[in-house]
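See structure below.
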Amino acid sequence: MSRKLVLLVALLPIIQVYSANVNWWEDTFIYQVYPRSFKDSNGDGIGDLNGITSKLEHLKALNVSGFWISPIFVSPMVDFGYDIANFTDIDPTFGTLKDFSALVAKAKSLNLKVILDFVPNHSSDKHPWFQKSIQRIKPFDDYYVWRDAKMVNGTRHPPNNWLSVFHGSGWTWNEQRKQYYFHQFTPQQPDLNYRSPALYQAMKDVLTFWTDRGVDGFRVDAIIHVFEDARFLDEPAIPNTGLPVGHYETLNHIYTRNQNETYTLVNDWRKHLDSRPGGKKILMTESYTGLQTLPSSMKYYTAGADVPFNFMLISNLNNRSTPLDFKRAIDGWLNIVPAGYQANWVVDNHDNNRATTRFGRKRADQIIMLAAILPGVGVIYYGNEIGMEDTWLSWNETVDPVGCNAGPEKYYLTSRDPERTPMQWNNSTSAGFSTNKTTWLRVNPNYKTLNLAAQLNDKYSHYSVFKRLVDLKMSSKIKNASTEVIIVGEHVLGVRRKSGNVITALLINFRDLTIPVYAAGWMNLPEIMTIYTTNHEWMIPPGSTLNTTLFNIPPSGSIILQSNG
Ligand code: NOJ
């Protein structure tokens, strides 16, 4: 046997072990489906499970590894499914358990992973558990966070100053039980009490129920809020915020967020999921991160979350951010991810204005390009693949409780409806989302031209760019490559990845002006590189070559280049 062959044979077992150990989500894109808005199969104007099943080929064509679905469980829909009245059954709006099984079976046949939304912090006030808790029926009596009123001069007050994320006191009086209950969100979403052993087990059983039905993991809602400090002390006020009384950001939430017990709980769920058959399950935890709170986000990794959502592209950066702001935010996350874990980049979700609004419609592809070239998992939201935009909705059309709470003058500042309007499949009735002309949220009028069908065969469309980006993310040319985030002058951000001799580089123009760049010098690039893709507006054919010494990036343009290796 030649020496090379001996070496190859010796390496074989190592190579096999390595590929067997790679988790299915690593260096892939995961897609969020908002079920009310994805596809309506029965013409009631609201999306449903059979609708999602009928569109799984679309996700397959995108080549995402899996998709997470916002809640589909029995719910009075005060918070559109995030108020759950039965954790182990499907809401009739969306279909039945049988429909769910059909969805899972089809996803499996397409090799797409199914991730459910697990909402552990609260239930609906219509959940039988809450109704029994009100009546102090055991063991439900302590399933929720109940406290006596604080009496001041004979007047009843909430037990402390804790606030709801959705504004105002986090405590609501229950006349029947004669106590206050705590809710971090709306009063119709009472917080569950994980100090009750029966509740603790009941929620773990929910994970078992769905893994038994073939799901591949969970996105965990509002994880940071799950435990509260048992001393129920007032939280300190943040001085001079200028915000109105009762605004959530007026307090420093040291007793109601990221408590130590929360990490222990996540770790217990991790172990539980690892003990379930059917392959490795993903845990994606929802915790909003600022640069200051990075360490607490990192603790979710070591507790057992595979994807503690990195929301920096959503909450820390916007169209006023400079390349330096981006570099700080990106390096801030990359440099601190614990060894053995992957970074992740969330582009959009159902709680925030779309990237097309946050950065401007011409810059939407740029953000996905970043999520694609940076190491780790990219998380996108339905419609990102076609550059969908927020929809302006009037006060009368507003249904989101957060928008409604803000009132007719200010609803548009907080409402989450604009980013939740129906998926734009084609230019037929209701954008092909529903046969019904009336849909739960109005379809964006731009659907006549901005829709999937119009983009499928256009090689410069958002869709075609996106598909190339998904391929790039999974390509061996950037897997395990080194990463450098480089400021290329005042207005251009660069990312350079190098694996062996192959260099992949992204350049993003932050300004709506043409900017000349000396890319070769600034980013240490070979003189001649191949264009992998440009953004949707900058139509240069992929595969053509470019001299990197000096070239112009058009207004809001971006480009990914690759060396031949
Ligand atoms: C976070 C979810 O993403 C949001 O939509 C919901 O309103 C709150 N958690 C409460 O469940």
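Numbers below:
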item: Criterion (within 16 Å of the ligand (Cβ to nearest atom) and of a type in the set (S, T, N, Q)) met by exactly one of T250, T285; result: T285
item: Wholly enclosed helices (runs of 4 or more DSSP H) of the range 280-387 bearing at least 3 residues of a type in the set (A, V, I, L, M); result: 294-303, 323-334, 364-373
item: Every pair of residues 6+ apart whose Cβ atoms lie under 9 Å, when the first sits in the range 98-122 and is under 17 Å from Y34 (Cβ atoms) while the second is within 16 Å of the ligand (Cβ to nearest atom) and assigned to a helix (DSSP H, G or I); result: F118/M203; F118/V206
item: Options I134, I90: the member that is among the β-branched types (V, I, T) and more than 30 Å from V33 (Cα to Cα); result: I134
item: Residue in the range 201-213 that is within 16 Å of the ligand (Cβ to nearest atom) and out of contact with any Phe, Trp or Tyr (no Cβ under 8 Å at 6 or more places or on another chain) present; result: no
item: Conditions (1) away from the ligand (no atom under 16 Å from the Cβ); (2) within 27 Å of A202 (Cα to Cα); number of the one not met by S65; result: (2)
item: Members of the range 93-120 found to be closer than 28 Å to N193 by Cα and more than 23 Å from the chain's Cα centre (by Cα), listed by number; result: L97
item: Whichever residue in the range 61-75 is more than 17 Å from E419 (Cβ to Cβ) and touching a residue at least 60 places away in the same chain (Cβ under 8 Å) and, among such residues, is surrounded by the most Cβ atoms within 10 Å (Cβ to Cβ); result: V64
item: Options K271, K327, K299: the member that is basic (K, R) and touching a Leu at 6+ places or on another chain (Cβ under 8 Å); result: K327
item: Hey, E419 of a type in the set (D, E, K, R), surrounded by 21 or more Cβ atoms within 10 Å (Cβ to Cβ) and touching a residue at least 12 places away in the same chain (Cβ under 8 Å) or not; result: yes
item: Which numbered condition V346 misses (of (1) more than 25 Å from N535 (Cβ to Cβ); (2) within 16 Å of the ligand (Cβ to nearest atom); (3) without any contact (Cβ under 8 Å) to a residue 60 or more places away in the chain); result: (1)
item: Residue check for V465: in contact with a strand residue (DSSP E or B) (Cβ under 6 Å, 6 or more places away or on another chain), among the hydrophobic types (A, V, I, L, M, F, W, C) and either buried (at least 21 other Cβ atoms within 10 Å of the Cβ) or modelled with pLDDT under 95 (or both); result: yes
item: Spans of strands (runs of 3 or more DSSP E) in the range 475-517 with at least 1 residues surrounded by fewer than 18 Cβ atoms within 10 Å (Cβ to Cβ) and hydrophobic (A, V, I, L, M, F, W, C); result: 482-487, 502-509
item: Complete set of residues in the range 294-333 that are without any contact (Cβ under 8 Å) to a residue 12 or more places away in the chain and within 26 Å of S70 (Cβ to Cβ); result: none
item: Test: residue in the range 355-375 that is within 16 Å of the ligand (Cβ to nearest atom) and among the hydroxyl-bearing types (S, T, Y); result: no
item: Members of the range 424-446 found to be in contact with a Gly (Cβ under 6 Å, 6 or more places away or on another chain) and surrounded by 15 or more Cβ atoms within 10 Å (Cβ to Cβ), listed by number; result: W425, N426, S434, N436, T439, W440
item: N436 in contact (Cβ under 8 Å) with a residue 60 or more places away in the chain, of a type outside the set (D, E, K, R) and farther than 27 Å from T28 by Cα; result: yes
item: Any hit, the range 352-359, residues being more than 11 Å from the chain's Cα centre (by Cα), under 21 Å from L472 (Cα atoms), crowded, with 22+ Cβ neighbours inside 10 Å and of a type in the set (G, A, S); result: yes
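Matching residues to (1) more than 16 Å from the ligand (Cβ to nearest atom); (2) surrounded by fewer than 18 Cβ atoms within 10 Å (Cβ to Cβ); (3) modelled with pLDDT of 95 or more:
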| residue | (1), (2), (3) |
| --- | --- |
| G43 | yes, yes, yes |
| E57 | yes, yes, yes |
| D83 | no, no, yes |
| I90 | yes, no, yes |
| F100 | yes, no, yes |
| D117 | no, no, yes |
| D125 | no, no, yes |
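The values are calculated or read from the model by the stated rules, or taken from the named source; none is laboratory data. Remember, predicted model here, so these are calculated numbers, not experimental data. A quick note on method: Cβ atoms are made from the backbone with ideal geometry, for glycine too, and the neighbour counts reach across all protein chains shown.
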